[in-house]
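First comes the structure, then the notes that go with it.
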Amino acid sequence: MIKFLIRRFVKRHEEVTDKDVREAYTVLSGVVGIICNLILFLLKLVIGLLINSIAVISDAFNNLTDLSTSLVTIVGAKLSNMPPDEEHPHGHGRFEYIASLVVAFIIFAVGLSLFKTSIKKIIKPEALTFNWYSIIILFSSISIKLWMYSYNKYIGKLINSSINKAVAHDSLNDALATSAVVIGIILGNYLPLPLDGILGLLIS
């Protein structure tokens, strides 16, 4: 799949040392990341609200922050290729740092809110509305994250990109986190423990 996308959207894709080609690879991986993470965010948010799970909602917002990271990656790739001008004699690299700072603030604010909600869930647990359809969808989301790990690892190795390698590692961690959430939901349906709040706390 990723090789098809590369052939379709990256011109001269064999020339991996060319600056413009490397930018195209980075933009492609970023756009795919935005689409996948948006789908995952919406799916998990809906499921989390339906089954009343703070762990799933936390996982959803984790995907939303991944979407923001993909956006920053695209902006960074575009700006780093812009030549210096009179207003920016040293280039446009600082815009990437500003965007990263904004994303970091959003991540912190969302994480803090979810942290507080998770604490409340631990102190005063609420029953989950368990159903297997949600579990199946969450398992499907794990497959998407594993695919994202695979394609980012492939592109990272192909163009020697530390950003893509880092995103690949993050995607694998996300897959493991969602796996833990699914296991927690299943066990929480049978055990009298506030697993949902604990997992929400860990993910936030």
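The values are calculated or read from the model by the stated rules, or taken from the named source; none is laboratory data. Quantities reported herein were computed from a predicted structural model and do not represent experimental measurements. Quick reminder, even Gly has a Cβ in these numbers, built from the backbone with ideal geometry, and neighbours come from all protein chains shown.
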Checklist outcome for this item: Scanning the stretch 113-157 residue by residue, the ones that are at pLDDT below 80 and under 18 Å from the mean Cα position of the chain (by Cα) total 1
Next on the checklist: If a residue must be in a helix (DSSP H, G or I), of a type outside the set (A, V, I, L, M, F, W, C) and surrounded by fewer than 17 Cβ atoms within 10 Å (Cβ to Cβ), how many such residues does the stretch 11-64 contain?
Outcome noted: 2
Checklist entry - Residues in the stretch 161-204 that are in contact with a Lys or Arg (Cβ under 9 Å, 6 or more places away or on another chain), in a helix (DSSP H, G or I), more than 30 Å from residue 2 (Cα to Cα) and not small (Gly, Ala, Ser): how many? => result 3
Item to check | Pairs where the first residue, in the stretch 131-153, is free of Cβ contacts under 8 Å to residues at least 24 places away in the same chain and closer than 10 Å to residue 40 by Cα and the second is hydrophobic (A, V, I, L, M, F, W, C) and assigned to a helix (DSSP H, G or I), C-beta under 6 Å, 6+ apart | outcome: none
Checklist entry - For the stretch 9-21, what are the residues that are closer than 23 Å to residue 67 by Cβ and modelled with pLDDT of 85 or more? => result 10
Checklist entry - Among the residues of the stretch 175-186, how many are within 15 Å of the chain's Cα centre (by Cα) and under 15 Å from residue 48 (Cβ atoms)? => result 2
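A quick yes/no check of all residues on (1) modelled with pLDDT under 85; (2) under 29 Å from residue 195 (Cβ atoms):
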site: 28; (1), (2): no, no
site: 43; (1), (2): no, yes
site: 67; (1), (2): no, yes
site: 70; (1), (2): no, no
site: 85; (1), (2): yes, no
